[in-house]
1. Using only Cα atoms, figure out Rg for the range B:166-288 and give it as a multiple of 2.2 N^0.38 Å.
2. At what distance in nm do the modelled label points of B:Arg229 and A:Asp109 sit from each other, each positioned 7 Å from its Cα along Cα→Cβ?
3. Cut-off under 17 Å on the C-alpha distance; same-chain residues fewer than 8 positions from B:Lys90 excluded. Which lysines are left, in chain and number order?
4. Please state, to two decimals, what the Cα-based radius of gyration of the range B:239-282 comes to when divided by 2.2 N^0.38 Å (N = residues).
5. Residues in the range B:23-43 near a label at B:Asp114, defined as backbone nitrogen under 20 Å from the 7 Å Cα→Cβ point?
6. Ratio to report: Rg/Rh of chain A, with Cα atoms as the point set and Rh obtained by the Kirkwood method; give two decimals.
7. Whole-Hz Karplus ³J(HN,Hα) for the range A:69-81, in order, using 6.51 cos²θ - 1.76 cosθ + 1.60 and θ = phi - 60°, x for Gly and Pro?
8. Reported to two decimal places, what Rg/Rh ratio describes chain B when computed on Cα atoms with Rh from the Kirkwood expression?
Amino acid sequence: METRHELKYTKEHEWVLIEGNQLTLGITDFAQSQLGDIVFVELPEVGTLVDAHEAVGNIESVKAVSEVFCPLAGEILAINKELEDAPERVNTACYDEGWIIRFKAEESDITEADLMDEEEYLAYAKAQE
Amino acid sequence: MVDFSGWEMPVQYQGIIAEHKATRARAGLFDVSHMGEILLTGKDALSNLQRLLPNDPSKLALGQAQYSPLLYDNATVVDDLSVYKLAEEKYLLCVNCSNKDKDFAWVRQNLQGDCLAQDVSDQYGQIALQGPEAVEILQKALGFDLMSLKYWWFTSFTWEGAELLIARMGYTGEKGCEIFCPSGVTRKLWEAILAAGEPCGLVPVGLGARDTLRMEVAYPLYGQELDDRRHVLGANVTRFLKLDKPQDFIGKQALQAGNNPERLIYLVLEEKGIPRPHYPLLNLAGQRVGEVTSGTYSPSLGQGIAIAYAREEEASQAEYLIEIRGKGLKARRIQPPFYHPSK
């Protein structure tokens, strides 16, 4: 299971890259391997305002469907449109070309958010294997 | 790995889509040892089978097999199975793993006269080899010519001192066979076929692709298209229901009454999305007319596909909506199967 040191993680097996008040979000290597072949990613509209822990999209694999949750309240700034034609990128490059959304949040929310660092997440994910 | 009625089985080895495509293009190997086997022996074995099954096992020659549902009196379904005529007065029933105990109890409670039913599931392993390369692989692995068998025929074959039963059939629509072996031989047989087949592109296939492969050829699955709540008449298996055979059989009266409120239809999703079991089926006016029983992404078509029950009076429309997370996505009804394997 691959993880990245510079990222923070959620209990829903998502990662966020925090750059000031902007965050990029995707699903972790653990999540993509649990889902198996991803064939369809349903994305929100740019500009959508979301609440913390709100579902903003869906990932359909052959096996199952899984919701994408936004861990913080904010506004969707960008979506990874490439995934419409190449959803398998979430399997092959979940931390890079397989990113899902970029959103903006309040810096105070980001500081207080319930996110795990790499070490905490590894322990959390291993316990679910 | 998942628990499947007490068997620990892989959903996938390398990935559902890769395993699915390999089976369609070359060959796939399936460990289906979880399937149950019930042996029926005795002078009255055939007459008992005639009463238990709506199909007509008297038509079987030695070495021939047939598919049949197993019905309750009200024509709902106990299970679906294959019956093999091993000898005069000796038949093997291959049944679904999750139904085995229920089937065995049902068969036993309905036996009459000189007929013994034995649950021999533990004695058998079972391996299925499916795909266009299956013939060549079986020749290499066992020295057996699959083309010497007609579809739905079988033969016994001795391999390294073990007696195998090789049946030309399968659950993918592809050329291939299902091989019963003594359970202690299963691993050796699996490894021998895999080793012989790897140069031809043979891959092991898990439960995930087994389901997508069977769905593309529109075969029913017990627990989804068939169950003990729905009347079998709607399940698109009427060619296996021999109402005109002379013997009475369990479920016949309910079949003759014929009042079945719904039937299976087959749908290709025209928008992006994947139907799943229990998703609502709507008509174009948005009214609920049924329910999806099986749905998946078809690796061969690159689209979502569904098998669904529709109310009889709504079952002949050209287009429907499948409700996926509150949205009605357009689906087109097709004549099954979804995919025609190259024969």
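1. On the way: Rg = 19.7 Å, N = 123, 2.2 N^0.38 = 13.7 Å.
For the range B:166-288, the normalised Cα radius of gyration comes out at 1.44.
2. 4.1
3. B:Lys43, B:Lys59
4. Details: Rg = 17.0 Å, N = 44, 2.2 N^0.38 = 9.3 Å.
Output field value: 1.83.
5. Answer for the range B:23-43: B:39-43.
6. Values: Rg = 13.5 Å, Rh = 14.5 Å.
That ratio is 0.93, to two decimals.
7. Those phi angles translate into 9, 8, x, 9, 5, x, 10, 6, 9, 7, 10, 7, 4 Hz.
8. On the way: Rg = 20.3 Å, Rh = 20.9 Å.
Ratio value, two decimals: 0.97.
The values are calculated or read from the model by the stated rules, or taken from the named source; none is laboratory data. The model shown is predicted, which means the values in this text are computed figures rather than measured ones. In this analysis, Cβ positions are derived from the backbone assuming ideal geometry, glycine residues included, and neighbour counts consider all displayed protein chains. Only protein heavy atoms, including side chains, enter the accessible area calculation; ligands, DNA and RNA are left aside. Shrake-Rupley method; radii C 1.70, N 1.55, O 1.52, S 1.80 Å.
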